[in-house]
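Have a look at the structure below before the remarks.
The values are calculated or read from the model by the stated rules, or taken from the named source; none is laboratory data. In this text, all values refer to a predicted model and were calculated from it rather than measured experimentally. Virtual Cβ from ideal backbone geometry, glycine too; neighbours counted across all protein chains shown. Surface accessibility is based on the protein's heavy atoms, side chains included, excluding ligands, DNA and RNA. Shrake-Rupley method; radii C 1.70, N 1.55, O 1.52, S 1.80 Å.
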Amino acid sequence: MQNNRLLIMLEIAFMAGLSIILSYIEFSAPWAMGGSISLVMVPIFVIAFRRGWKAGVTTGFLTGILQILFGAIIVHPIQFILEYPIAYAVLGLAGLFVSRNHFKHEVPVFLIIIGVAFGTLLRFIDHFSAGLIWFGEYAPDGVPVVTYSAVYNASYLVPEMLITIFVVILISKYRPQFFYDGRSVQSAA
């Protein structure tokens, strides 16, 4: 039991670190006030699908903290908490939809899509809310703040979600062992 907890903690730390590394492989062209398209979410979803929502939320939370340490746009303490630790932590809730230990082979694609879309929607809500409250002053003249925040955040989160879905499905198909603890599947057989 103790060894299993240590293994899970090591996996969480590794995946949080991998998320930060993957965040540097980005397409960051038009977003002046933050946001980019990267693979930062992939490890968070992998651990959420492998170990469940608690491990996913923890990994996301740590990723958010690491994002702060490696550079963040901070305008207010609540915005700082909302857009970093919380925005990445909610991605881990995708684990509510998929627990690899319930499948003997690869995870069903539709569950991956639902889980990633759900987690990304929650992250969008965090960034959208911050955009309404703290970044509305950047909305062009005549553009409602609600529209500006929605379009701005969707412009990078939707492509990032689609890329993440694609990558997680590829991992599930070609390396399904990333999504389960082999002991659990063997004992269920």
**Q.** Protein accessible area in the stretch 34-127, 1.4 Å probe - carbon and sulfur %
**A.** 75 percent
Q: May I have the pair-distance distribution P(r) for the chain, computed from all Cα-Cα distances with 5 Å bins from 0 and rounded to whole percent?
A: 1, 9, 16, 21, 19, 13, 9, 6, 3, 2, 1, 0, 0
(Q) Under the 0.36 nm per residue contour assumption, what length would be gained going from the current alpha-carbon distance of ILE81 and VAL151 to full extension? (A) 23.0 nm
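Considering only protein heavy atoms, what per residue accessible area in square angstrom results for the chain with a 1.4 angstrom probe?
Details: 9800 Å² over 189 residues.
Value returned for the chain: 52 Å² of accessible area per residue.
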(Q) I need to check one value: relative contact order of the chain, counting alpha carbon pairs closer than 8 Å and at least 6 residues apart, in percent. (A) 23 percent
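For the chain, what is the mean residue ellipticity at 222 nm derived from helices alone (per DSSP H run of n ≥ 4: -39500 (n - 2.57); sum divided by total residues; nearest 500 deg cm²/dmol)? Write down the numbers at each step before the final one.
On the way: 7 runs with 118 residues, N = 189.
Result for the chain, helices only: -21000 deg cm²/dmol.
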Q: Sort 53-63, 130-140 for me by packing, meaning the mean count of neighbouring Cβ atoms within 10 Å per residue, highest on top.
A: 53-63, 130-140
Q: Keeping every protein chain in place, order ASP126, ASP141 by accessible area at 1.4 Å, biggest value first, i.e. largest first.
A: ASP141, ASP126
